[in-house]
Protein chains: 2
Amino acid sequence: MQRRKRLLDTEAILDAALAGIDATGRLTMAGLAARLGVSASSIYHHFSGRTAIVEALRERMATAIDPPPLDGSDWGEQVGRWMRGYRRALAAHPALIPLLNEQTMTAGSVLLGYERIAVLLRGNGVPLREVVLWISVLDCYALGAALDLAAPDEVWRPERDDLPTLGDAITAAPRGRERADEAFDVGLDALLTGLRGRLTPPLAAGPPARRAAPGR
Amino acid sequence: MQRRKRLLDTEAILDAALAGIDATGRLTMAGLAARLGVSASSIYHHFSGRTAIVEALRERMATAIDPPPLDGSDWGEQVGRWMRGYRRALAAHPALIPLLNEQTMTAGSVLLGYERIAVLLRGNGVPLREVVLWISVLDCYALGAALDLAAPDEVWRPERDDLPTLGDAITAAPRGRERADEAFDVGLDALLTGLRGRLTPPLAAGPPARRAAPGR
């Protein structure tokens, strides 16, 4: 029973932390203690501090994202499915995004997702040095796309006379969630197409020595 | 002199608003009045409210971004230069990003940049309906990449034994600002390559009727 009680307390702390972040965009130990009606020291019994709480929220978020299965299916589709899950999980709590972004990731489930992305990229010819660059690109796009889901239905209001093309384009485009979802898919497809293109350089694109470039 | 005094006040309000956002991630009229040591009503003399202040900050940010010149040079390079300026301007105040994101854009200089991007996309064959989707994609990537500049030098700490590929990749990759900058360029290049690819579909990719699809 003692162990069960502690687990419940940990979850209650994370629930309150997330509710506070959703409401205010901030997390302080004093604010969290006030929200829970406990002393800060009773929170420190469960978490070493603010960083550990944010990392636990990252871990909790990751449980909603299926890591790539590495089942031999098309790697681009595996990356795409992970990206869709990542965006959806981030978008559920957009105010958490800056907090997740500003500290080093140590949450195991999240890192396991990145490990599998790294395996897919390496296995399909991305040079070792570039794997982290591509993971960064995917990260940036998922973060931005998650924020985009928090944008208003009317993103742009071109009230001036000198914006005719933008005005026409907005009139012709889908709106709201449909715009955000279609845009995400279009951009993800372009990113993966661009990546595939880099992995199959045209023959004789450079001197033979380039084939033995470091890291390949 | 009266006019000059008012302009100075407006700038002082925006300076204080931005300093408050940088420090706390928030903007409230009461907090801003307290920061300036004035009554809230004296702020309302210059701005209709919080939304107008955030929009004025967006306008001010846009003055640091050169819109595409539409000078006939390569459209991808024009888009790329605008994206680099956009990311740099956003990254100067990452705490402002969520506030900019959550309200409709009406700032003229910002919209002019989008108008020119729309002209470039339309002029190079992007269907009218897709122009806003692509603008959204570029927006998402710029927002995410600007946030990435606020990430710590050590983004991932793979302390577990079951993350060998990620660990090797992190060791081989550039770090800190260099990682973020190289990643941004790699992803931007892939996005623009992917977009170019969509604009030049392979011949006989579909029945002839597809060539007259609506919006082309």
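What follows draws every value from the coordinates through simple rules; no lab data is involved. Keep in mind the model is a prediction, meaning the values are calculated, not measured. Please note: Cβ atoms are built from the backbone with ideal geometry, for glycine as well, and neighbour counts cover all protein chains shown.
Apply the a/c threshold of 1.5 to the C-alpha gyration tensor of the protein assembly as shown and tell me whether it is rounded, prolate or oblate. Let's see the in-between values first.
Working: a/c = 1.87, a/b = 1.06, b/c = 1.77.
Note, shape of the protein assembly as shown comes out oblate.
Between the residues A:TRP75, A:LEU96, A:LEU36, the greatest Cα displacement towards the positive end of the dipole of the protein assembly as shown, with unit charges on the Cβ of Lys, Arg, Asp and Glu, is found for A:LEU36. Taking a ≥ b ≥ c as the square roots of the eigenvalues of the alpha carbon gyration tensor, chain B is oblate, as a/c is not under 1.5 and a/b does not beat b/c.
With an 8 Å cut-off on Cα pairs and a minimum separation of 6 or more residues, tell me the relative contact order of segment A:27-96 in percent. Present the calculation step by step, with values, prior to reporting the outcome.
Values: 31 pairs, mean separation 16.2, N = 70.
Once normalised by length, the contact order is 23 percent.
Hydropathy first: keep DSSP H helices in chain B averaging at least -1.0 on Kyte-Doolittle, then drop any whose Cα extent along the axis falls short of 15 Å, and list what survives.
Values: long enough: B:2-24 (33 Å, -0.15); B:50-62 (18 Å, -0.11); B:75-91 (24 Å, -0.93); B:108-123 (22 Å, 0.88); B:128-148 (31 Å, 1.22); B:176-199 (35 Å, -0.27).
Flagged H segments are B:2-24, B:50-62, B:75-91, B:108-123, B:128-148, B:176-199.
Nearest chain A C-beta to the A/B rotation axis, reported as residue and distance in angstrom, is A:GLY144, 2. Contact order for chain A, expressed relative to its length and based on alpha carbon pairs under 8 Å spaced 6+ residues apart, stands at 18 percent. Of the GluC sites (Glu not before Pro) in segment A:55-162, the ones in a loop by DSSP (not H, G, I, E or B) with at most 15 other beta carbons within 10 Å are A:GLU102, A:GLU154, A:GLU159.
Taking amide hydrogens as placed 1.01 Å from N in the peptide plane, the amide H of A:MET105 sits under 5 Å from those of B:TRP156, B:ARG157, each at least 5 positions away in sequence or on another chain. With contributions of -39500 (n - 2.57) from each DSSP H run of at least four residues, the per-residue ellipticity at 222 nm computed over chain B stands at -21000 deg cm²/dmol.
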